[in-house]
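Read through the structure below, which is laid out as structure tokens, and then see the notes.
The values are calculated or read from the model by the stated rules, or taken from the named source; none is laboratory data. Not measured: the values here are computed from a predicted model. Ideal geometry is used to build each Cβ from the backbone, glycine not excepted, and the neighbour counts take in all protein chains shown. Just the protein is used for accessible areas: all its heavy atoms, side chains included, with ligands, DNA and RNA removed. Shrake-Rupley method; radii C 1.70, N 1.55, O 1.52, S 1.80 Å.
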2 protein chains.
Amino acid sequence: MAEILDVTGADDPRLSDYTRLRDVELRKSLEAERGLFLAEGEKVIRRAIAAGYPVRSVLTTPRRLAGLADVLDPLEAPVYVVSDEIVEGIAGFPVHRGALASLARVALPTPLDLLARPGVRRVLVLEDLVDHGNVGSIFRCAAALGVDAVILSPRCADPLYRRAVKVSMGAVFAIPYARMTEWYNGLAELRSAGFQTLALTPDQSAAPIGKLDLGPRAALLLGSEGDGLSSRWLHEADQNVCIPMSATAMDLGVDSLNVVAAAAIACHALMRP
Amino acid sequence: MAEILDVTGADDPRLSDYTRLRDVELRKSLEAERGLFLAEGEKVIRRAIAAGYPVRSVLTTPRRLAGLADVLDPLEAPVYVVSDEIVEGIAGFPVHRGALASLARVALPTPLDLLARPGVRRVLVLEDLVDHGNVGSIFRCAAALGVDAVILSPRCADPLYRRAVKVSMGAVFAIPYARMTEWYNGLAELRSAGFQTLALTPDQSAAPIGKLDLGPRAALLLGSEGDGLSSRWLHEADQNVCIPMSATAMDLGVDSLNVVAAAAIACHALMRP
């Protein structure tokens, strides 16, 4: 059973996992160094624990303790209980529903290992997305619509970054993912695993995504927020596909969707029976 | 031709349209009182002017003036040119691409007038969305995918609020919209205009949205971020429709999409040939 510890000072060294969350750069190095990430709010904490991530500690307030009892009881990790004022002082932002957990990362599978798992047939590949909120939203779409796995390019934003975890509502724990070690030949691994590669582009001369004849294994490639997919991946993919835009929209210059909207439509099209 | 005026002080009273943008409450009353709204960045300003909104004034920096020359030349309104430092000091935030325009709102059509326009066959109806970013993103989806018009519930967030305009990339100018005066009987107007009303719900017993038999005129109803559609509208609609979630997702508790992802899929399904 978890040890419940009352903490009265925001500068208590046992809370160092949770401090200075506002300092993005420091945070990045801290997370990489310690191999930790944070889950925020009861629902997301439950999903992280259910997915098997080891808990380092939990930080919560007296009000929230009872609601978490069933989750905390089996834990070995310490549970720090602090006042509402102190929890915000520590984290440097209003903590969603008064509960934060610090969890340890686990080793990711390689893309090839993940792609070889039984049942992995529909995959999303994210190339160099920079916005953590977008990555979280796309994981939420992928999980809700039944995509089997996500592959990240080497430089794609981290799905376990706090904002990505939060926006995904914990979907980053629900869907397995892997990170490529190399970008230039990244698609070769997908092909060697028997996946048809489909590059999503705004180019309206590409095949409409709603009318594809999909093979047993298909991977949809999504590009970064500003520039879309690299020309390397567009060129290397088996097929370029597009979401058809209306003629009026093209006239008006509203000729693209944001990456989350495009991902949602693409996942829906990819998963249709 | 627009008058170009150098302004050297952030407290110049001629700049009052642009000051204190950070104060949300003040801003709201100011915009309602003066009937103005702001467009940010060259592309969005161009779209607002092209859509016929009267320009009150433009605020820009010396660097950006040349790029806007063709837009500013035909204007009657004053163009205030200030240094980069002053423009941020006035607005209270980093101004996207160094250009802001203050424009006058125009009278909206009534929902009935809008629904009676020739060519209006596919409509989105937004009930009480609170997040301006979501409203902007949904307008962008609707415009890109060819939805003909948007109807807002009385309490739905304002599409001309600064963040909505920005996130929409100007799509709020490209797609006509109207606001209901009454919520409770709002759907009666849609029906009287001959529109089939489809209520989007996460309830998986509703009809899958990809397989609908749509009539000549169809309106898709989207609910607010947290709670979805009101029970009143769900009950009043001709049909409830859902985006099918994967069985795995339901088991894992990732059982819904955010409203922008849902809107994107719904618009795509609504507009398919």
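General remarks:
- Single condition residue B:198 does not satisfy, out of (1) more than 14 Å from chain A (Cβ to nearest Cβ); (2) assigned to a helix (DSSP H, G or I): (2)
- In the set (1) touching a helix residue (DSSP H, G or I) at 6+ places or on another chain (Cβ under 9 Å); (2) modelled with pLDDT under 95, residue A:69 fails one condition alone, (1).
One line per residue, one yes/no per condition, for (1) more than 20 Å from residue B:50 (Cβ to Cβ); (2) within 14 Å of chain A (Cβ to nearest Cβ); (3) without any contact (Cβ under 8 Å) to a residue 24 or more places away in the chain:
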| site | (1), (2), (3) |
| --- | --- |
| B:88 | yes, no, yes |
| B:103 | no, no, no |
| B:107 | no, no, yes |
| B:113 | yes, no, no |
| B:122 | yes, yes, no |
| B:128 | yes, no, no |
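- Hey, residue A:135 out of contact with any strand residue (DSSP E or B) (no Cβ under 9 Å at 6 or more places or on another chain) and of a type in the set (Val, Ile, Thr) or not: no
- Residues being of a type in the set (Ser, Thr, Tyr) and closer than 22 Å to residue A:258 by Cβ - total across segment B:110-151: 1
- All helices (runs of 4 or more DSSP H) inside segment A:219-273 with 1 or more residues being within 18 Å of the chain's Cα centre (by Cα): A:259-271
- Taking first residues from segment A:184-205 that are at positive phi and partners that are in a loop (DSSP other than H, G, I, E, B), the Cβ contacts under 7 Å between residues at least 6 apart in sequence or on separate chains come to A:194/A:217.
- All positions within segment B:224-259 that are open to solvent by 60 Å² or more (accessible area, probe 1.4 Å), without any contact (Cβ under 8 Å) to a residue 24 or more places away in the chain and within 13 Å of chain A (Cβ to nearest Cβ): B:226, B:247, B:248, B:251, B:252
- Check on residue B:264, at pLDDT 90 or above and within 7 Å of chain A (Cβ to nearest Cβ): yes
- Residue B:189, sole failed condition from (1) open to solvent by 40 Å² or more (accessible area, probe 1.4 Å); (2) within 14 Å of another protein chain (Cβ to nearest Cβ): (2)
- Residue that is farthest from the other protein chains (Cβ to nearest Cβ) [pool: residues in segment A:159-186 that are part of a helix (DSSP H, G or I) and open to solvent by 10 Å² or more (accessible area, probe 1.4 Å)]: A:162
- The set of residues in segment B:49-60 being within 14 Å of another protein chain (Cβ to nearest Cβ) and closer than 25 Å to residue B:10 by Cα is empty.
- Here residue A:118 meets each of (1) touching a residue at least 12 places away in the same chain (Cβ under 8 Å); (2) open to solvent by 20 Å² or more (accessible area, probe 1.4 Å); (3) within 14 Å of chain B (Cβ to nearest Cβ) with one exception, condition (1).
- Qualifying positions in segment A:130-142 - open to solvent by less than 70 Å² (accessible area, probe 1.4 Å) and in contact (Cβ under 8 Å) with a residue 40 or more places away in the chain: A:131, A:134, A:137, A:138, A:141, A:142
- Condition check for residue B:88: open to solvent by less than 20 Å² (accessible area, probe 1.4 Å), under 25 Å from the mean Cα position of the chain (by Cα) and of a type in the set (Asp, Glu): no
- Looking across A:149, A:99, one residue alone is among the aliphatic types (A, V, I, L, M) and within 13 Å of chain B (Cβ to nearest Cβ). It is A:149.
- For segment A:60-83, the set of residues classified as surrounded by 15 or more Cβ atoms within 10 Å (Cβ to Cβ) and not aliphatic (A, V, I, L, M) consists of A:60, A:61, A:64, A:78, A:80, A:83, listed by residue number.
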